[in-house]
Amino acid sequence: MKPNNPRFPHKCTIYRMEGETSFSEGKRDILYEGECRKYGNTSLRTFKTENVVKADYALSIPGVIEGIKTGYLIDVTDRVETFTECMVADCYPGNLGTTVYFNLAKN
């Protein structure tokens, strides 16, 4: 029996909110919805660049996804639970895929 170990086992949606006001929740403008891989740095639980903390978690997404910016939101479902309205800290689209750094929403 071969183990089920896909490269992108999780599901995520990356979006921004448009038209939010005091009287309206606005609507989602979805930039990406599909498969991904959520992971965290287990040694320090933070991703750093030049000793500056970027985020607690990251997503790897197949393909180049352009236009994701700091402050956009992520909903991600891993094999344990679903996290909603997580804040994008940074994004790097590259030739081998897109990496999105994010923090979990504080409840």
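A few points about this structure:
- Annotation: amide H-H contacts under 5 Å for Y72 (H modelled 1.01 Å from N, sequence separation of 5 or more, or interchain): V88.
- When all protein chains stay in place and ligands, DNA and RNA are ignored, the 1.4 Å accessible-area order of R7, R28, R16, largest first, is R7, R28, R16.
- Length released on extending from F23 to D90, taking residue separation times 0.36 nm less the Cα-Cα span: 21.1 nm
- Cα-based shape type of the range 10-103, given that a ≥ b ≥ c are square roots of the gyration tensor eigenvalues and the cut on a/c is 1.5: prolate
- Number of Lys-Lys pairs in the range 10-103 with C-alpha atoms under 23 Å apart and a separation of 8 or more places or on different chains: 10.
- Accessible surface of the range 10-103, 1.4 Å probe: 48 percent of it comes from carbon and sulfur atoms.
- Once backbone amide H atoms are built at 1.01 Å from N, D78 has F83 as its partners under 5 Å, excluding neighbours fewer than 5 places away on the same chain.
- Net charge over other residues, Cβ less than 12 angstrom from the Cβ of G19 (K, R count +1; D, E count -1): -1
- Using the 1.4 Å probe convention, the accessible area of the range 55-107 works out to 54 Å² per residue with neighbouring protein chains retained.
The values are calculated or read from the model by the stated rules, or taken from the named source; none is laboratory data. As the structure is a computational prediction, the values presented were derived from the model and not from experiment. Heads up, the Cβs are rebuilt from the backbone with ideal geometry, glycines too, and the neighbour counts pull from every protein chain shown. Protein only, heavy atoms only, side chains kept; ligands, DNA and RNA dropped before computing areas. Shrake-Rupley method; radii C 1.70, N 1.55, O 1.52, S 1.80 Å.
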